[in-house]
1. Taking a quarter of the surface of the convex hull around the Cα atoms of the stretch 321-380, what do you get in nm²?
2. Would you calculate, for the chain, the mean residue ellipticity at 222 nm contributed by helices, counting each DSSP H stretch of 4 or more residues as -39,500 (n - 2.57) and dividing by all residues, to the nearest 500?
3. For the chain, what is the Kirkwood hydrodynamic radius in Å, using each pair of distinct C-alpha atoms?
4. Add +1 for every Lys or Arg and -1 for every Asp or Glu among the other residues with Cβ under 9 Å from the Cβ of residue 165, and state the total.
5. Ratio of the stretch 67-144's C-alpha Rg to 2.2 N^0.38 Å, to two decimals?
6. Using the Cα atoms of the stretch 1-68, I'd like the radius of gyration and the largest Cα-Cα distance, Dmax, both in angstrom.
7. If one puts a single equal scatterer on every Cα of the stretch 161-215 and applies the Debye formula without solvent, what log₁₀ I(q)/I(0) results at q = 0.24, 0.29 Å⁻¹?
8. Please tell me the relative contact order of the stretch 60-167 in percent, rounded to the nearest whole number, where contacts are Cα pairs under 8 Å and at least six residues apart.
Amino acid sequence: MTWSELLDEIFKGEKIDMECKLAEKAIPQSVYETYSSFANSKGGNIVLGVEEDKSKTDPKERFILRGVSDPERLREDFWNTINSQKVNENILVDDDVYVIQNGDIAVLVIHVPRADYTARPVYKGENPYKGTFKRNHEGDYHAKEYEVRAMIRDQSTEGNDGTILEGYTIDDIDAVTLKKYRVMFNTDHPDHVWRSLSDQDFLEMLGGYRKNRRDKAEGLTVAGLLMFGTGLAIRNEFDNILMDYREEKGPDASVRWTDRVTYDGTWENNLFNFFMKVSPKLTEDLKRPFVLKNMQREDDTPLHKAIREAFVNLIIHSDYRMDAGVLKIVKNSDGFIFTNPGSLKLPKEQIYRGGNSKARNPRMQSMLRLVGFGDNAGSGFPDILRVWADKGWPQPELEEDTVMNQVTLTLKITERTGSEWADRSADERKSADRPADRSADERKSADRPAEATSRILDLLSPRQKEILELMERDKLYSRQDIADALGIKKSRTGQLLNELVTLDLLVAVGATRYRRYVKK
């Protein structure tokens, strides 16, 4: 930093990545606590030679630059101490400790980067449970025992989900969940040699079951139990885990949510079930253009894939041993919010850049990838960024809260995503809102050529044709109306209606929850 840059930072006040200390003639012992806290949090700068007058509120009066009397000696003293047993790990290089001079005033700046996940925790003294510090807006604080344990778990380059869980066997797997997974796997891999394996052997190949050749221990791994286990077995081992999806898109502010998926006793609350129940809800009202690939309907779009990638990231980067392990997804009119327990293993800048995947749960990542979800090549997050940039939407925000020990990804959208309604101009929406008011001639002029319509009708499924035959022109229908008439589930009805909207055979009117459909 230059002197002016230093003043700008100091006069912003002490914050999560800045600490000022007087240190006129010697290095304060508290420097090493701040060194630990910055290394274990997000990094930061320690500035020696600044006095703080806590009776003042104006930063320009509160922080007084006194300087240090012999900066080069202090610099040498610091290096000698940091390379001793004062701390367990020196993560600094020469350029991280430097002097800034302005006239007769010199300050010593110590830039502490965030430590690599393989080096955390960085601690003072010899006991990590007593000497590990973290940082919040109020300064340095002793890390709690579960936070230290989390850092130690993350040191493993093999991830956290391969541990054998003592006492958990194949009997703790929910057979229905695993069968659903195997059907998907067999469809995607029709010639795979794993198809003929028993459930236990199949799980072992996936990393969901392990045998330790040294001590002869065997059983389900963390990945196997959390992905496919029975709800009771999961709650017995991970009673801190909560899976929660909420849709908050209603116009009534007094209604906290309009749809929710959480544990209610009606489903085995393992991660695979949660993923399969929630994924369609996340993308059900996204537009699906009609595209044929190898004579098959191609429903996926880059936007669908990006949202599922965000969901996959939630699962594979969560720390399921955190004291408060809430996997929370919120879908609202502004976009999507994904929150998972744990910290970022890699610096945020590196995650945005991509090319390097360090999943906390690599076996879960592989399980999902084998049935078509996610990518372990480090390109997942950049793909999300690319989709949002193509749409012209605000850049996705990835925020780490090192105090609450959670990571939040916010995907904002500027319009309601994926409805035909969202892409129309104000005048078009206004006229579409009153389809019955249009004259027969206006409706006729809006029709596509009969030959093109005929070709599209030939490609429709029996259910789609049934819907079109059922609907009277100029009459508005809700999703529930169609579901009741056909005797099928409301969710499936919504999917069929949205497909017909995409094919330009129906017009969707209104916001998601109150949407109505009219035949063109």
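The values are calculated or read from the model by the stated rules, or taken from the named source; none is laboratory data. A quick note: this is a predicted structure, and the numbers were derived from the prediction, not measured. Positions of Cβ are backbone-derived with ideal geometry, glycine not excepted, and every protein chain shown enters the neighbour counts. SASA here: full protein model, heavy atoms, side chains in, ligands and nucleic acids out. Shrake-Rupley method; radii C 1.70, N 1.55, O 1.52, S 1.80 Å.
1. Values: hull surface 21.5 nm².
With every direction weighted equally, the projected area is 5.4 nm².
2. Details: 21 runs with 194 residues, N = 520.
My calculation for the chain gives -10500 deg cm²/dmol from helical runs alone.
3. Details: mean 1/r = 0.0372 Å⁻¹.
For the chain, inverting the mean 1/r across all distinct Cα pairs yields 26.9 Å.
4. On the way: positive: none; negative: 166, 172, 237.
Net local charge, residue 165 excluded: -3.
5. Details: Rg = 14.4 Å, N = 78, 2.2 N^0.38 = 11.5 Å.
So the stretch 67-144 has a normalised radius of gyration of 1.25.
6. Gyration radius and largest Cα-Cα distance of the stretch 1-68: 11.8, 31 Å.
7. Normalising to I(0) and taking log10 leaves -1.03, -1.30.
8. Working: 110 pairs, mean separation 22.0, N = 108.
Averaging sequence separation for qualifying contacts and normalising by length gives 20 percent for the stretch 60-167.
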